[in-house]
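> Handing you this structure, nothing more for now.
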Amino acid sequence: MDTHGLIAEARRQDRAALDEQAGKQLLNAYGLTVPKSVRVSGAAEVSAVFEQLKAPVVIKVVSPDILHKSDAGGVRVNIGSPAEATAAIKAMMASPAISASRVDGFLIEEMAPAGQEMVIGGVRDPQFGPLVMVGLGGIFVEVLADVAFRICPIEQRDAEEMLDELKGAAILKGARGRKPVSREAILDALLRVGGEGGLLMNHADDIQEADINPLIVSEVGAVAVDARFVLTKA
Ligand code: ADP
Ligand code: MG
């Protein structure tokens, strides 16, 4: 896939950021695993989608005006049937935050296997160029700011050090009765984003900010279930 074309298309549409589907296409082009998904414009298309995807699914609003979909009532997980999906979409469309926004449709996607939520991010520094970030998801990143940064491009060894730096690193190894998660899968994703020839290096002129939040890491792999890329101002 032509990832530069994908970004050029978003610029043609005067968008400040890639929508979630385009963001996931970009990640997929760099070898990260994303959930299988279909975008619909409304509840009428739901039944056909259930024949293409493995239930249960997640339904998310797609809107350039909504940054935090959950806060706006725009994410429903574990939807098992077309009837439930239809009801979820109708409820979303009726909710105040969503009905006041431009809505480009709804993304219906498969559920990632359960695991530890991590965050991989990127930011373009005016002096150093792209930086890559990794952290544990949820309160670890939001409240404790337990994250590690490096200037791109990173190598395998840098990626290893970044994970070891996290104060919550023990969680990945299965502390407190949790199952250990795949360290290889996190390292692999981190290098595909921040390594030489990786996403941030190849698109350093176009990506101001990247946020994969969360990357859900299980025992066997890592799935990027949310992706946001803010474009540099032309
Ligand atoms: P936002 O960050 O805009 O609120 P997300 O797309 O990150 O929306 O979804 C919110 C939460 O829902 C995620 O943090 C994750 O816990 C869960 N979630 C979203 N998509 C999936 C998925 N495909 N599989 C499993 N869980 C998901
Ligand atoms: Mg998110």
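> Filter the range 148-165 for residues that are crowded, with 20+ Cβ neighbours inside 10 Å and part of a loop (DSSP other than H, G, I, E, B) and give the result.
Of everything in the range 148-165, just one residue is crowded, with 20+ Cβ neighbours inside 10 Å and part of a loop (DSSP other than H, G, I, E, B), namely Cys152.
> I need a count of the residues in the range 44-79 that are under 14 Å from Ala112 (Cα atoms) and either without any contact (Cβ under 8 Å) to a residue 12 or more places away in the chain or not polar (S, T, N, Q) (or both).
Number of matching residues: 10.
> Output the residues belonging to the range 102-138 that are outside any strand (DSSP E or B) and under 30 Å from Ile89 (Cβ atoms).
Passing the criteria: Arg102, Val103, Asp104, Met111, Ala112, Pro113, Ala114, Gly115, Gly137, Gly138.
> Among the numbered conditions (1) under 24 Å from Lys60 (Cβ atoms); (2) of a type outside the set (A, V, I, L, M, F, W, C); (3) free of Cβ contacts under 8 Å to residues at least 40 places away in the same chain, tell me where Glu160 comes up short.
(1)
> Quick check, is Val103 within 17 Å of Asp19 (Cβ to Cβ) and within 16 Å of ligand 2 (Cβ to nearest atom)?
no
> Out of Arg15, Arg39, Arg11, report the one residue that is farther than 12 Å from Asp104 by Cβ and modelled with pLDDT of 95 or more.
Arg11
> Right, here's the next one. Looking at (1) within 20 Å of the chain's Cα centre (by Cα); (2) closer than 24 Å to Gly23 by Cβ, which is the only condition Asp125 fails?
(1)
> Does Val49 satisfy the criteria of being crowded, with 17+ Cβ neighbours inside 10 Å, in contact with a strand residue (DSSP E or B) (Cβ under 8 Å, 6 or more places away or on another chain) and under 29 Å from Ile207 (Cβ atoms)?
Spelling it out, it is not the case that Val49 is crowded, with 17+ Cβ neighbours inside 10 Å, in contact with a strand residue (DSSP E or B) (Cβ under 8 Å, 6 or more places away or on another chain) and under 29 Å from Ile207 (Cβ atoms).
> Okay, moving on. Looking at (1) buried (at least 19 other Cβ atoms within 10 Å of the Cβ); (2) over 30 Å from Gly198 (Cα atoms); (3) within 16 Å of ligand 2 (Cβ to nearest atom); (4) of a type outside the set (Phe, Trp, Tyr), which is the one condition that is false for Gly73?
Of everything listed in (1) buried (at least 19 other Cβ atoms within 10 Å of the Cβ); (2) over 30 Å from Gly198 (Cα atoms); (3) within 16 Å of ligand 2 (Cβ to nearest atom); (4) of a type outside the set (Phe, Trp, Tyr), Gly73 misses just condition (1).
> To continue, here is another question. Starting from residues that are within 25 Å of Arg15 (Cβ to Cβ) and either in a helix (DSSP H, G or I) or of a type in the set (Asp, Glu) (or both), keep the ones in the range 36-81 and report whichever is nearest to ligand 1 (Cβ to nearest atom).
Ranking the qualifying residues of the range 36-81, first place goes to Asp71.
The values are calculated or read from the model by the stated rules, or taken from the named source; none is laboratory data. If you're wondering where the values come from, they're calculated on a predicted model, not measured in any experiment. Glycine gets a Cβ as well: all are built from the backbone with ideal geometry, and neighbour counts include every protein chain shown.
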